[in-house]
1. Restricting attention to region 141-158, does a residue exist that is at pLDDT 95 or above, in contact with an Asp or Glu (Cβ under 7 Å, 6 or more places away or on another chain) and closer than 23 Å to T88 by Cβ?
2. Out of all the residues in region 35-78, which are over 19 Å from T282 (Cα atoms) and out of contact with any helix residue (DSSP H, G or I) (no Cβ under 8 Å at 6 or more places or on another chain)?
3. Of the residues G187, G248, G261, which is on the phi > 0 side of the Ramachandran plot, over 15 Å from the mean Cα position of the chain (by Cα) and at pLDDT below 95?
4. Looking only at region 35-84, which residues are within 15 Å of the chain's Cα centre (by Cα), among the aliphatic types (A, V, I, L, M) and within 19 Å of I135 (Cα to Cα)?
5. Residues being farther than 15 Å from P40 by Cα and touching a residue at least 60 places away in the same chain (Cβ under 8 Å): count how many of those fall in region 317-343.
6. Looking at region 281-289, is at least one residue closer than 30 Å to L148 by Cα, in contact with a His (Cβ under 9 Å, 6 or more places away or on another chain) and among the polar types (S, T, N, Q)?
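The values are calculated or read from the model by the stated rules, or taken from the named source; none is laboratory data. Remember, it's a predicted structure, so these values are computed and weren't measured experimentally. All Cβ positions, even for glycine, are placed from backbone atoms using ideal geometry, and neighbour counts span all protein chains on display.
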Amino acid sequence: MLTSQTARCALRASRQLQCGRRFATAAAANNVVNIVEVGPRDGLQNEKGVIPVDVKVELINRLARAGAQNIETGSFVSPKWVPQMGGTAEVITRMERLPDVHYAVLVPNQKGLDNLFTLLDQTQLSPPVSDEISIFTAATDAFTRANLNTTITESLQRLEPVARAALDRGLRVRGYVSVAIACPYSGPVDFKRVREVAKALADMGCYEVSLGDTVGQGTPATVAEMIEEVKKSVPVEKLAGHFHDTYGTAVANVFAALAQGIRTIDSSVGGLGGCPYSPGATGNVATEDVLYALKDSQYKIAGSNNKTISLDDTVNIGWWISEKLGRESVSRAGRALRARKLREERERKAKL
């Protein structure tokens, strides 16, 4: 699908790499793991209430200061359909922009991209308010119809000029494939279809394609099988894993993806998130849980300024944003580490 774009996309990729920008994750032989923090976008978009702009800005700033180097900051979608993403233009204009941090925005269509271009032209900031867009489709027609009111083929046809225009503007483009394991409407997914859609996005010029277990039904076995199939058409260096924790297997699925050579994992601070088009789906795998699970392992978490992402700071951020939303953090590691910290504080005070 859309293979006629391959030559043009290769030329763009070469030009972008010559500009010194980091695109694909390190080679699979490299054990450095990149985290894409999706909490401010994918995490908040399923909230019932509208989140104040100040809270969104503070969340992004805290995550960047904790070492996150790839943060999804919002979405240029109609507030009519996703009210929680209202105010994205104000958010990305007001937030801090730290060096070595990429601040992405989700762009569902040409209108969303035009809105971003208008903001870039109006602000003329350096660094710009955003240097990356995310585009998305799915691996089943049933899901794309529910989510986008189109078929897979139609959605890809709509996305191709969006990707082309963004690349011509010098923006990074990242792709998402939803329901890569199971669809809430049509059941188990044909992994060959996942491969075809991922290849179409890569051929458009996406530097990375995130494979999403949107409903969280994946197991390490099915995740490995799906990735093995996708790797037949898309280099593993261009793939990322996006897992929901509906059945409690998200961290195990992260390790399954890493074993397949994937080195980019999407996660959400505090385990925020869900999917409005996937009934019953719980939040994304918590960033805290991924950071904790990879401690003392063969893998190293990449962070801004050639450092890593602070687990302690991320735990604190998870509790802070959860309290702002009127709940407790659902991160297992976050809950345990906070409980231990509170216990140690009580013991210390008791000794005074």
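1. no
2. Across region 35-78, the qualifying residues are P52, D54, E58, N61, N70, S78.
3. Answer to the selection: G248.
4. I35, V36, V38, L44, I71
5. 3
6. Yes, because at least one residue in region 281-289 is closer than 30 Å to L148 by Cα, in contact with a His (Cβ under 9 Å, 6 or more places away or on another chain) and among the polar types (S, T, N, Q).
Each row is one residue, and each column tells you yes or no for (1) within 21 Å of V33 (Cβ to Cβ); (2) acidic (D, E); (3) without any contact (Cβ under 8 Å) to a residue 12 or more places away in the chain.
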site: E132; (1), (2), (3): yes, yes, no
site: I135; (1), (2), (3): no, no, no
site: V179; (1), (2), (3): no, no, no
site: A182; (1), (2), (3): no, no, no
site: K199; (1), (2), (3): no, no, no
site: D213; (1), (2), (3): yes, yes, no
site: K238; (1), (2), (3): yes, no, no
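Conditions (1) of a type outside the set (V, I, T); (2) assigned to a loop (DSSP other than H, G, I, E, B); (3) under 25 Å from D100 (Cα atoms), marked per residue:
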{"site": "G241", "(1), (2), (3)": "yes, no, yes"}
{"site": "A252", "(1), (2), (3)": "yes, no, no"}
{"site": "I262", "(1), (2), (3)": "no, yes, yes"}
{"site": "G273", "(1), (2), (3)": "yes, yes, no"}
{"site": "L291", "(1), (2), (3)": "yes, no, yes"}
{"site": "T308", "(1), (2), (3)": "no, yes, yes"}
